Amino acid sequence: MTISAERPTEVAASSVTPPVQSGRVGWTQRPGWMSQHLGTAIVLGIVGYLFGHWLGHEITGDYAYIQNSGQNSSANFFALLFGVVGWLLGIGALNYPVAKLFGREPNQEPTVEGWSKYFRYTLDHKVVGLQYVVGVLLFMFTGGLLAMAIRAELLNPTTHLFGPGTYIEIVSEHGTIMMMMATSIIVGPLGNYFVPLMIGSRKMAFPRIEAFSFWIFVAGYAVIFSALPYGGFPTGWTGYAPLQTQAGPGMISYLFGFAVIGMGMMAAGFNIAVTIINNRAPGMTWSRVPIFVWSILATAALLTLATPTLFAAGLFGILDKTAQTAFYVSEHGGSSYLWENLFWFFGHPEVYIMALPGFGIVAEILPVFTRKPLFAYKVAASGMIGVALLSFFVWQHHLFQSGINPDMRPLFMLTTELISIPTGFIFLVGMGTLYRAKIRFEIPMLFAMALFFNFLIGGVTGVFLSDVPVNVTVHGGFFVLSHFHYTIMGGLLFAFMAGLYYWLPKMTGRMMNKKLGLWHFWTMFIFFNLTFFPMFIIGLLGQPRRVFTYAKNLQGLNDFSSISAFLLGLSFLLFFANLMYSMYIKPVKAPANPWDSLGLEWQTASPIPEYNFERIPVVMTDPYHYSEVGAPPVADMGTGAPPVVSTTSGSSPA
Amino acid sequence: MSTENSMKKETHHLRRMATIWVILSVAADLLFMFWVAPHVPPGTMTDTARANQFDFNVLFLMAFPVLIGVWVYMGYAIVNWSAKRAGVPEPVGGPAARGNLKAQVSWIVVTSIVVLFLAGFGTVALINGNGSGGGEGPNPVWMPAGSAKAETAALTSSASWTPGSNQVLVVQVIGQQWKFTYRYPQFGGFESPQLILPNNTEIAFNVTSLDVIHSFWAYQLSVKADANPQQNNVAYTKTAQLGNFTVRCSELCGIWHGSMYNYGKVVSQSNFQNWATTTEAANAANTKNLPPFAWTYVPDANGAAGGYYIDGNVTPYSQVETYGAKQPAS
């Protein structure tokens, strides 16, 4: 299909004036402390929390979990509900919808310049993207510290550092916060920042919903950790009932936390999906959409369709614990299987919510560093859609030994095996792209290559888990724990690092230091494998997950894994040091296109203008024409500058 | 560079990779087969364990060529096609680099054959293994001969088991925070904190819970079945060796989950008979106070604080209600 390179006149005419922000200038425009920002959000959040807690006690004071302890699930629920509402009020997320609700002209969102826009309800997707970077790093470092605590406890086969209650609290918080982080770690920062730039759009389809998805994501962090004064929750991230029903008020933080994060996931999902479908620049046909955008589209579909199940499941759990309903209480007509079904019906698509964007990043940057076109583009895109579709049909493989639908096990074994076909496409694409390439081993490329190493191990062990006879031994043990750390940390997190090293120069105009980056990569790669590979063996030798005591003969392996984990933690500090050093302490100005990429996001001016493109580009081809003599330029940027054409040069960038 | 020349070069690369791959894969598989495979968990203590170990080994033998294939390719690419290496030719773009129908189709065909084979293999193993030691819910579709009869008989007080009779031994596993206990309906329904099993005997584990979800994992027996409150979850195995085995809870069940484990023992049939009859007699007074043997136990209305079995007046038991319409034929 060919699209005329001639610029449509209406685009040209509208391209000079920025999109109009509706609304009048009101009190939200006041400068400094008088308007809404993170500070007001925190204050109103706390006020809401205290009010809700008081209200809950007034209503249901008789239902104290422990007599006279002030521990009351209803009070905790109301506290969190009002706390989150206060937070949203404080940040200004409710100004627009509430004004519209009453038929009033809404106040315009702040158009603040300078650093303070990062602490406000800002509608620019580039600001939201950077906010998300900081947000997910906060999640990641907290979760990582908890992981260090877990490994410290497991240095010894008996309980020695924490009591069993504290230990299980740490395990549960680690799992939950990491899962929440992982759902957003690429879609949030890099998806929000780069999807509009890569499809030639000036903004997201729904900028307010985009800002909402970030700020409610941050509220989820506070909600999850609000369990700590109640002694946390004892269920791990899976929250199985009836343990959930039996748990103290801290459980509400988990259930409501997932509902809150779920709202952010749904909002982010459909915002991104609508943006990709509707806001593509002229000429950006489906066969020219960058592969990263395909992966984000598949992820967005999963976020939108799978998350409502989790949201509903969480609310049922809250009702069970506050209004004494019996969704999950078998004595009263409910079923503990109901939670397992609902949770994994969300939970398995969730796994691919985490995996797909990682594949997208790797497939996106491989051509740049191999100087070759992406191999089998259509197979890659259809594989992502295939994974997304199939991911709704595999959830009961988490429940092979639970006694639920036992006759269906062959079917779920089959669907689970089948999903490895489209998942395996990423290897076809990667290997095809590497074939007879001229590989530049820059830091992003190293992380991308590491994904193939790690994810292969994660994927192959996934096939082991899908086989029911083998599952009898490996289910619920350290084998499965290691498996999903290999896929999520070894896959997604390595891909996130690849994306961050690749795109930070465009986001901040500063290069990450290469020497520190090399140190970061190699320590992370080596110690990741040294931490988690022994866990396969530990699992095979019979250690179940989430235990604080284990067989004495496994201490050697556990200690090895723990020490590697501490060094892996140091590797993250190295990353943090590199980030600080390269961004603030000794920033080095990045060239406009340091990797010689053909991607549309690299063709716009640096720093990126507020509305991304001075003129809406007209896309001429897909961005993978590396090493092709005479290939058309990627897009007509309409700036009068000479269009970027592919170079055959294989020389390393300066 | 002429097309012919580049074609020649292509076969050269692929042939070299294939050679390395075949050598390494065969070596890895042979090493694994003779050196590691006999020791792969869950061992050979039961027929189920032996079958599952075989399954495990088949997967390992198939996994090594896959892992090695990708690693060899990646390693080869890193060594030969690095921009730093002198004399690396400029890459070629264009349609040839964007896809190769033969490569794509054969990739899809090969991966499909592998996964369909594995799904079929797993299904056959699951069915032949009577559920492979995994929890099959209250109404198992795949069960060893004689188990339906034994299960039904277990509900009557006349159920019995004698050595050498080839009968299925019914054992009930009751999970509660934070221990497992075991009831033996064929020996008067006594409840024991010890799991003793006779050798060369088909065992039907009926797993249930009194509170939250636990998971009964007898590692060396290769049995794993979740213990769900008010659900019966049946798993089968046939013991084949004398010895000790470990039982651990493998589903998070609260703060002391980590210390919910005990050890069981497979003994000879006559020793088992001795132990069971002795324990039955010794426990007779206690057994009388237990609720009658049933697949599940509804906690007493006032039992929320842990007072199950308060006065023996548990909710009246109905076979049809708890076992479903699909009871095993008597």
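The values are calculated or read from the model by the stated rules, or taken from the named source; none is laboratory data. Being a predicted model, the structure only gives us computed values, none of them experimental. Positions of Cβ are generated from backbone atoms using ideal geometry, with glycine treated the same way; all protein chains shown enter the neighbour counts. Surface accessibility is based on the protein's heavy atoms, side chains included, excluding ligands, DNA and RNA. Shrake-Rupley method; radii C 1.70, N 1.55, O 1.52, S 1.80 Å.
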| message | I want the local charge near A:Val588. Using Cβ-Cβ distances under 11 Å, sum +1 for each Lys or Arg and -1 for each Asp or Glu among the other residues. | response | +4
| task | Please build a GNM for chain B, connecting alpha carbons under 10 Å apart, and tell me which residue among B:Trp21, B:Trp217, B:Trp71 fluctuates the most. | result | B:Trp71
| said: Quick check: at a probe of 1.4 Å, how many percent of the accessible area of the protein assembly as shown sits on carbon and sulfur atoms? | reply: 67 percent
| note | Which residues qualify? For A:Ala605, with a placed amide H closer than 5 Å and at least 5 residues away or on another chain, they are A:Glu614
| Share of alpha-carbon pairs per 10 Å distance bin for region B:147-299, given as whole % | 12, 44, 37, 7, 0
| said: Residues of region A:541-583 with backbone nitrogen within less than 20 Å of a virtual label 7 Å along the Cα-to-Cβ line of B:Gln241, please, listed as ranges. | reply: A:541-543, A:551-554
| Å² per residue, accessible surface of region A:338-453 at 1.4 Å | 20 Å²
| request: Assuming 0.890 mPa s and 25 °C, estimate D for region B:21-151 with Stokes-Einstein, Rh taken as the Kirkwood radius over Cα pairs, in µm²/s. | output: 130 µm²/s
| Most mobile of B:Glu90, B:Glu280, B:Glu151 in a GNM of chain B (Cα contacts under 10 Å) | B:Glu90
| What residues qualify as long-range amide H neighbours of B:Ala227, i.e. H under 5 Å apart, gap of 5 or more or another chain, H built at 1.01 Å from N? | B:His214, B:Ser215, B:Phe216
| task | Check the straight Cα-Cα distances from B:Lys149 and name the lysines below 26 Å, setting aside those fewer than 8 residues away within the same chain. | result | B:Lys224, B:Lys238, B:Lys265, B:Lys288, B:Lys326
| request: Determine the per residue accessible area of chain B with all protein chains present and a 1.4 angstrom probe, expressed in square angstrom. | output: 45 Å²
| query | Once phi is turned into θ = phi - 60°, what whole-Hz ³J(HN,Hα) does the Karplus curve with 6.51, -1.76 and 1.60 give for every residue of region A:97-108, x standing for Gly and Pro? | reply | x, 5, 4, 4, 4, 8, x, 9, 6, x, 5, 6
| task | Would you grab the residues whose amide H sits under 5 Å from the one on A:Gly477? Only those 5+ places off in sequence or on another chain, please, with H modelled 1.01 Å from N. | result | A:Arg545
| So what does A:Leu389 come to for accessible area, using a 1.4 Å probe and Å² rounded to 10? | 110 Å²
| task | Over the residues of region A:123-585, compute the C-alpha Rg and express it relative to 2.2 N^0.38 Å. | result | 0.94
| field | Net charge dipole size for the protein assembly as shown [Lys, Arg +1 and Asp, Glu -1 on Cβ; Debye, nearest 20] | value | 2540 debye
| note | From the Cα centre of region A:466-531 to that of region A:227-276, the distance in Å is 24 Å
| message | Give me the dipole magnitude in Debye, nearest 20, for region A:62-206 about the Cα centre, with unit charges on the beta carbon: positive for Lys and Arg, negative for Asp and Glu. | response | 540 debye
| message | Tell me the net charge near A:Gly232. Cut-off is 12 Å between Cβ atoms, A:Gly232 excluded, with +1 for each Lys or Arg and -1 for each Asp or Glu. | response | -2
| Using a 1.4 angstrom probe on protein heavy atoms only, which residues from region A:548-589 are buried by at least 40 Å² of accessible area when all chains are present rather than their own chain alone? | A:Phe548, A:Thr549
| query | Looking at A:Thr122, A:Ile46, A:Val84, which one has the Cα that reaches farthest to the positive end of the dipole of region A:36-122 (charges on Cβ: Lys, Arg +1; Asp, Glu -1)? | reply | A:Thr122
| Looking at region B:52-102, which trypsin sites (Lys or Arg not before Pro) are DSSP coil and have at most 14 other C-beta atoms within 10 Å of their C-beta? | B:Lys84, B:Arg85
| query | How many percent of all Cα-Cα pairs in region A:513-582 sit more than 16 Å apart? | reply | 52 percent
| task | Find the percent of Cα-Cα distances in chain B that exceed 25 Å, and round it to a whole number. | result | 61 percent
| query | In straight Cα distance, which lysines are under 18 Å from A:Lys372, not counting same-chain residues fewer than 8 positions off? | reply | A:Lys438, B:Lys9, B:Lys84
| field | Accessible surface buried upon A-B contact (total; probe 1.4 Å; Å², nearest 100) | value | 7500 Å²
| message | List the residues of region B:76-91 for which accessible area in the full set of protein chains is at least 10 Å² lower than for the chain on its own; 1.4 Å probe, protein heavy atoms only. | response | B:Ala77, B:Ile78, B:Trp81, B:Ser82, B:Ala83, B:Lys84, B:Val88, B:Pro89, B:Glu90, B:Pro91
| said: Treating only the Cβ of Lys, Arg, Asp and Glu as charged (+1, +1, -1, -1), what charge dipole size does chain B show about its Cα centre? Round to the nearest 20 debye. | reply: 1200 debye
| How far is helix B:47-80 tilted off the main Cα axis of chain B, in degrees rounded to 10, range 0 to 90? | 20 degrees
| said: Let me understand the protein assembly as shown better: what is its radius of gyration from the alpha carbons, and its Dmax, in angstrom? | reply: 30.1, 98
| query | Which lysines have a Cα less than 24 Å from the Cα of A:Lys589, not counting those fewer than 8 places away in the same chain? | reply | A:Lys117, A:Lys126, A:Lys506, A:Lys514, A:Lys515
| field | Ranking by accessible area, most exposed first, for A:His398, A:His520 with a 1.4 Å probe | value | A:His398, A:His520
| field | At least 50 Å² accessible surface lost relative to isolated chain, residues of region B:134-167 (1.4 Å probe) | value | none
| task | Among DSSP beta bridges lying fully in the protein assembly as shown, give the percent that are antiparallel, nearest 5. | result | 70 percent
| note | Nearest 10, in degrees from 0 to 90: the angle of helix B:3-31 to the longest Cα principal axis of chain B is 30 degrees
| request: Go through region A:435-440 residue by residue and turn each phi into a ³J(HN,Hα) via Karplus (6.51, -1.76, 1.60, θ = phi - 60°); whole Hz please, and just put x for glycine and proline. | output: 4, 6, 8, 10, 7, 9
| said: Show me, for region A:472-486, the HN-Hα J-couplings you get by feeding each phi into the Karplus relation (A = 6.51, B = -1.76, C = 1.60, θ = phi - 60°), rounded to Hz, glycine and proline as x. | reply: 4, 7, 9, 4, x, x, 5, 5, 5, 4, 5, 4, 7, 5, 5
